[in-house]
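The values are calculated or read from the model by the stated rules, or taken from the named source; none is laboratory data. Keep in mind that this is a model prediction, so the values were computed, not measured. Note that we place each Cβ from the backbone using ideal geometry, even for glycine, and neighbour counts take in every protein chain shown. Areas reflect the complete protein model, heavy atoms only, side chains present, ligands, DNA and RNA absent. Shrake-Rupley method; radii C 1.70, N 1.55, O 1.52, S 1.80 Å.
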Amino acid sequence: MATLRERITAPAHLEFPVPVGGLTFRAGSRDDLAAVHALAVAAAAVDDPHARPSTADFERTLSTEGLDVARDTLVGVDADGHVQAYGIVIDVPSRVTAARAVLDGTVHPGFRGRGIGRRVLAWQVGRARQRLAVLDVDLPATIEVGAPQGAGALRLAARSGFEPTRNWIDMQLVFGEGEREGDVPDVPALPDGHVVRAATPDDIEPLRHAKNDSFRDHWGSQPMVASDWHGFLTASKSRLDLSRVVLDADGAIVAFAIVEVDPDGFAARGRSYGYVHWVGVVRAARGRGLAPLVLDASLRAIRADGLSAAVLHVDAENPSGAGRIYERLGFVAGEVHVTASTPL
């Protein structure tokens, strides 16, 4: 296989889309953060009513290592200067087994059907190609988009050659319903010499190494770089106090469950909840029942904090059978989100 520089064609110069549908286009900036967030919230109310994007999510995205805000973001503004569309190109900075560019963007529901989304996506694909085409690495490469199953964004992506490649299941556990009123069956005992406790800031870097090892065989996963991982775990909605780690007899982290809480998102789901962003077990410690054990510990912490539910997303084809583990703990499957991609 040739390197990406050798095999990917990319535009030498990328123009902003021509004005369309009452919008003109320019580079985004950090000053647009509040407006882009408000637009994403308005779009989610139509496209994904149970979700509410957070400001922290956009802050983390714009802080991705290597992301050039002036060149990797685009906004469409109306005659009054209000942001009604945006596009972001995220060149995933870690490339061990693959190179990935992830596209994020939307158009305000009131401005749809005017050809705006098609032009934003075309610009994003051009910019993604530019980012990937400078890499002297001999790896598979993809451009990816994600959206709820049935969303218009997926139909738009399909017309541009993207095909569904992965499904992610939204799972929710409401405390006080069924088994979660008491002890949960099938949660293994803590192995001798192991300790389970709340995560602390001192765990951030050891957790990164544990996460990278745990997810090496998961679809699309690449190792997290230190700056991005630190940004995730120090963001405003990160809750290390509700997250849990399992330490082995040598004090190494061998399992973890990372929790986030965003009160601004409670209304969309209709209840307060903790979001379990990652559950992982390092490969050398698998087969000891540590995944249900560490997740159960976090669920107890979430409930003790006064939250009424826990939410997570699981790869429908997860190789470790995580979905079955979550169901045994009381989670119920709900909506499906889809990743669509095009290989380069």
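Structural remarks
- Taking other residues whose beta carbon is less than 10 angstrom from the beta carbon of VAL20, and scoring Lys, Arg as +1 and Asp, Glu as -1, yields +3.
- Where a label projected 7 Å from the Cα of ALA122 along Cα→Cβ would reach, residues of region 42-79 with amide N under 18 Å: 74-77
- Backbone N within region 263-283 under 17 Å of label point (7 Å from ALA304 Cα along the Cβ vector): 274
- DSSP beta bridges fully contained in the chain are about 90 percent antiparallel.
- The residues of region 1-129 expose on average 46 square angstrom of accessible surface per residue, using a 1.4 Å probe on protein heavy atoms.
- FRET efficiency for the pair GLU59 and ARG288, taken as 1/(1 + (r/R0)^6) with r the Cβ-Cβ distance and R0 = 35 Å, rounds to 0.45.
- Placing a label point 7 Å from the Cα of ARG216 along the Cα-to-Cβ direction, the residues of region 91-110 whose backbone N falls under 18 Å from that point are 94-99.
- With 0.36 nm allotted per residue and the present C-alpha distance subtracted, the VAL195-HIS230 stretch has 10.2 nm of extension available.
- Contact order normalised by residue count of region 1-137, Cα under 8 Å, 6+ apart, percent: 36 percent
- Ratio Rg/Rh [Cα only; Rh per Kirkwood] for the chain: 0.98
- For the chain, carbon and sulfur atoms together expose 52% of the accessible surface, with a 1.4 angstrom probe and every protein chain in place.
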